[in-house]
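Chemist: Quick one: the structure is below, questions incoming.
The values are calculated or read from the model by the stated rules, or taken from the named source; none is laboratory data. No experiment lies behind these values; they were computed from the predicted model shown. Cβ placement follows ideal geometry from the backbone for every residue including glycine, while neighbour counts extend to all protein chains displayed. For accessibility, only protein heavy atoms count, side chains too; no ligands or nucleic acids. Shrake-Rupley method; radii C 1.70, N 1.55, O 1.52, S 1.80 Å.
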Amino acid sequence: MSNIDLNQVKLAANTEIDNTSSLKELGDLRIKYLARKGIIAGLFDNINKVEATSRPECGKQLNALKQEVTEKINQKALQLETTQTQDAGAIDITADGILPILGKEHVLHRLIEDACEIFTNLGFEIVTGPEVETEFNNFTGLNIPLEHPSRDTFDTFYIEASKSNQKLLLRSHTSPVQIRVMKTRKPPLAVVVPGRVYRPDAVDASHSFMFHQIEGFCVDKNIRFSDLKGVLNLFLKNLFGEDIKMRFRPHFFPFTEPSAEVDISCIICKGRGCSVCGRKGWLEILGAGMIHPNVFKNVGYEARRYTGFAFGMGVERIAMLKYGIDDIRLFFENDLRFLKQF
Ligand code: PHE
């Protein structure tokens, strides 16, 4: 065994180690050179063929070679490990980001907020009331006679087993909040009431046993029908657009006198007549009127001193007209494909 043999082994090992690109190949090289039956061990085996005098020197050189190859392989292993983990966890900064799915307000909630904001800008305050009401607030206080059909169980959910002598019910409109506010406060009042109401209707494309209303009322000395018209005109133009037209049709409500139903020019056909407005060019949008003197009496107001107007509208109906939705059930099914559109 000569220096040349050792140098050749060293050279071969170095080039082979340098050229490996995987830990697997490197493992093979470790076996090839350093294992018990590997090349370097083979050289050690041959040491007795060397002249006795040069054996110590030869052994030294072999140990040095073994050491060198071991270190080189260890170093290479380290290098391969780090580049491999870097590759695996590499971040492609040019890749498209993943948009997180953001929640948003329900379309009805958005509409209620928008409507309330228009009214607060006009000086109204927002008041809410409970969904479980007394018969007095929901009917009697509002001048609705005992024999009125809206009182029977086909039109109102009554709550059984109420301990008080007052019958309790799920409010069938937001008007009882008029009674609540007027019973506890004195005019001037300008109040808007958003909220849920309940009626035992069979569910179909245009009926739901629960829906939303926005009530509004204003009481002071000298409040006139023209104030009602002015407020509703501003509100409807704000909500539906400047070019919308409004008209009042005579109507009847027990709690207002005179009463009216208010229409807007059809937002789909702009009044020309289409399937949404039934070729009429007008859409019924809310009920309104001047608060009946009996209502003032029922809350203890001096009916001669004050006048006021009130109006009430269905939120689902307005949303359906505004967005061209033909089935009320869509609002409550919470299908994301529907809700995402708004
Ligand atoms: N409460 C009436 C309804 O639910 C709407 C309304 C409110 C009408 C106030 C006039 C005044 O149909």
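Chemist: Which numbered condition trips up H109, out of (1) open to solvent by less than 100 Å² (accessible area, probe 1.4 Å); (2) over 19 Å from R317 (Cβ atoms); (3) without any contact (Cβ under 8 Å) to a residue 24 or more places away in the chain; (4) of a type outside the set (K, R)?
Modeler: Condition (2) is where H109 drops out.
Chemist: For region 253-273: of the residues being near the ligand (Cβ under 10 Å from one of its atoms) and more than 22 Å from L239 (Cα to Cα), which is surrounded by the most Cβ atoms within 10 Å (Cβ to Cβ)? Please lay out each step first, then the result.
Modeler: Pass one, region 253-273, residues near the ligand (Cβ under 10 Å from one of its atoms): 253-256, 259-262.
Checking which are more than 22 Å from L239 (Cα to Cα) leaves us with 253-256, 259.
Values: F253: 21, P254: 17, F255: 24, T256: 26, S259: 19.
Only one residue tops the list, namely T256.
Chemist: Filter region 279-292 down to residues that are part of a strand (DSSP E or B) and not aliphatic (A, V, I, L, M) and give me whichever is farthest from the ligand (Cβ to nearest atom). Break it down stepwise before answering.
Modeler: Here is the first cut: in region 279-292, the residues part of a strand (DSSP E or B) are 282-291.
Narrowing further to those that are not aliphatic (A, V, I, L, M): 282, 284, 287, 289.
Numbers: W282: 18, E284: 11, G287: 3, G289: 5 Å.
Only one residue fits best here, namely W282.
Chemist: A follow-up question, please. With V299, V295, V276 as the choices, which residue is in contact with a Gly (Cβ under 9 Å, 6 or more places away or on another chain) and within 14 Å of the ligand (Cβ to nearest atom)?
Modeler: Only one candidate passes the filter, namely V295.
Chemist: Follow-up. Have a look at N143, N138, N233, N222 and point out the one that is modelled with pLDDT of 95 or more, within 12 Å of the ligand (Cβ to nearest atom), under 29 Å from Y301 (Cα atoms) and open to solvent by 30 Å² or more (accessible area, probe 1.4 Å).
Modeler: Working: N138 fails: open to solvent by 30 Å² or more (accessible area, probe 1.4 Å); N233 fails: within 12 Å of the ligand (Cβ to nearest atom); N222 fails: within 12 Å of the ligand (Cβ to nearest atom).
So the residue among N143, N138, N233, N222 that is modelled with pLDDT of 95 or more, within 12 Å of the ligand (Cβ to nearest atom), under 29 Å from Y301 (Cα atoms) and open to solvent by 30 Å² or more (accessible area, probe 1.4 Å) is N143.
Chemist: Now for a separate question. Of K72, K60, which residue is of a type outside the set (D, E), at pLDDT 90 or above and more than 30 Å from M290 (Cα to Cα)?
Modeler: K72
Chemist: Now for a different question. Which one of F248, F252 is more than 20 Å from T174 (Cα to Cα), hydrophobic (A, V, I, L, M, F, W, C) and assigned to a strand (DSSP E or B)? Step through it out loud before you land on a result.
Modeler: Details: F252 fails: more than 20 Å from T174 (Cα to Cα).
Going through F248, F252 in turn, just one is more than 20 Å from T174 (Cα to Cα), hydrophobic (A, V, I, L, M, F, W, C) and assigned to a strand (DSSP E or B): F248.
Chemist: In region 240-250, is there at least one residue being within 16 Å of the ligand (Cβ to nearest atom) and either of a type in the set (A, V, I, L, M) or at positive phi (or both)?
Modeler: yes
Chemist: Something else: Going by what's in this entry, would F209 be described as closer than 22 Å to T134 by Cβ, of a type in the set (F, W, Y) and open to solvent by 60 Å² or more (accessible area, probe 1.4 Å)?
Modeler: Spelling it out, F209 is indeed closer than 22 Å to T134 by Cβ, of a type in the set (F, W, Y) and open to solvent by 60 Å² or more (accessible area, probe 1.4 Å).
Chemist: Among the residues of region 167-201, write down those that are away from the ligand (no atom under 12 Å from the Cβ) and open to solvent by 70 Å² or more (accessible area, probe 1.4 Å).
Modeler: Passing the criteria: K167, R180, K183, T184, R185, K186, P188, R196.
Chemist: So, restricting to strands (runs of 3 or more DSSP E) that lie completely within region 128-225, which ones have at least 2 residues that are charged (D, E, K, R)?
Modeler: Result: 210-220.
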